[in-house]
Amino acid sequence: MGDFVSKSVVKSAERVLATPFASKDAMNTIISDVITENPWGCTSYESGGETIAGVQKSSEYYTGTVVYENVEGKQVGRISVRSSSSGAFDTNISTILANTAISSAMGGTGSHDSSEDGYSVTLKCHTASGELYNVTFKRDKVTVSSYESDTILTTIETWADTVSGLA
């Protein structure tokens, strides 16, 4: 019986941020710059007869919590929110907060506890050599995954060192 033989070494690395992103907008500004400016030199490629951008979002989600407190300040309810885009997240939070039927049923006043917000956006990138890899931005870290070439990590690390929000 034959043995499995390794064909590649897939790597992953993460940078824990000294200060988490202050907001999803701060994180998304950096992500928009990456997609628009392409500082990593990603290249477009063909897949299924389509031309795919060299760097693009492959997934994103935003989570948060609305907390309800009664007049004594005691927490009487909690709603968790998960949305597939930044705009949808804002709309969902404001819709929940404006819903008087929910406030009445909870027995308290709602507030968005942004200290518990979480966000995750993954960018899929393609190199000129044909390698695909992912860069995931979360509130407190950035992860580079599914890469083989160390030059990918070096390129991203060199870029990240120039971005104040990624210290």
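Can you work out which of the residues in the stretch 121-140 that are hydroxyl-bearing (S, T, Y), without any contact (Cβ under 8 Å) to a residue 24 or more places away in the chain and part of a strand (DSSP E or B) is surrounded by the fewest Cβ atoms within 10 Å (Cβ to Cβ)?
Within the stretch 121-140, the subset hydroxyl-bearing (S, T, Y) is 122, 127, 129, 133, 136.
With the extra rule that they be without any contact (Cβ under 8 Å) to a residue 24 or more places away in the chain, the set shrinks to 129, 133, 136.
From the residues that got through so far, the ones that are part of a strand (DSSP E or B) too are 133, 136.
On the way: Y133: 23, T136: 18.
Filtering first and then ranking leaves T136.
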inquiry  = If I ask for residues that are among the hydrophobic types (A, V, I, L, M, F, W, C) and either more than 30 Å from D113 (Cα to Cα) or under 19 Å from the mean Cα position of the chain (by Cα) (or both), which ones from the stretch 38-70 would you list?
reply    = W40, C42, I52, A53, V55
key: Exclusive hit being assigned by TED's automatic domain parsing to the domain that holds A18, part of a strand (DSSP E or B), under 22 Å from the mean Cα position of the chain (by Cα) and of a type in the set (V, I, T), set T158, T154, T143   = T143
Matching entry among D33, D90 (being more than 30 Å from S129 (Cα to Cα) and either of a type in the set (D, E, K, R) or modelled with pLDDT under 95 (or both)) = D90
task = Would you check which residues across the stretch 24-50 are of a type outside the set (V, I, T), within 26 Å of Y62 (Cα to Cα) and without any contact (Cβ under 8 Å) to a residue 24 or more places away in the chain and list them?
result = S32, D33, E37, N38
task = Name the residue, out of T36, T29, T65, T100, that is surrounded by fewer than 16 Cβ atoms within 10 Å (Cβ to Cβ), among the hydroxyl-bearing types (S, T, Y), out of contact with any Phe, Trp or Tyr (no Cβ under 9 Å at 6 or more places or on another chain) and not assigned by TED's automatic domain parsing to the domain that holds Y133.
result = T100
message = I'd like to check which strands (runs of 3 or more DSSP E) are fully inside the stretch 1-107 and have at least 1 residues that are more than 18 Å from S120 (Cβ to Cβ) and touching a helix residue (DSSP H, G or I) at 6+ places or on another chain (Cβ under 7 Å).
response = 55-69, 75-83
The stretch 131-140, residues that are hydroxyl-bearing (S, T, Y) and over 11 Å from the mean Cα position of the chain (by Cα) = Y133
message = Criterion first (hydrophobic (A, V, I, L, M, F, W, C), outside the structural domain of D33 (by TED's automatic domain parsing), under 24 Å from M27 (Cα atoms) and surrounded by 15 or more Cβ atoms within 10 Å (Cβ to Cβ)) does I93 satisfy it?
response = yes
query = Would it be correct to say that G110 is in a strand (DSSP E or B), on the phi < 0 side of the Ramachandran plot and either exposed (fewer than 12 other Cβ atoms within 10 Å of the Cβ) or not assigned by TED's automatic domain parsing to the domain that holds T29 (or both)?
reply = yes
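The values are calculated or read from the model by the stated rules, or taken from the named source; none is laboratory data. From a predicted model like this one, the values you see are computed outputs, not experimental measurements. Heads up, the Cβs are rebuilt from the backbone with ideal geometry, glycines too, and the neighbour counts pull from every protein chain shown.
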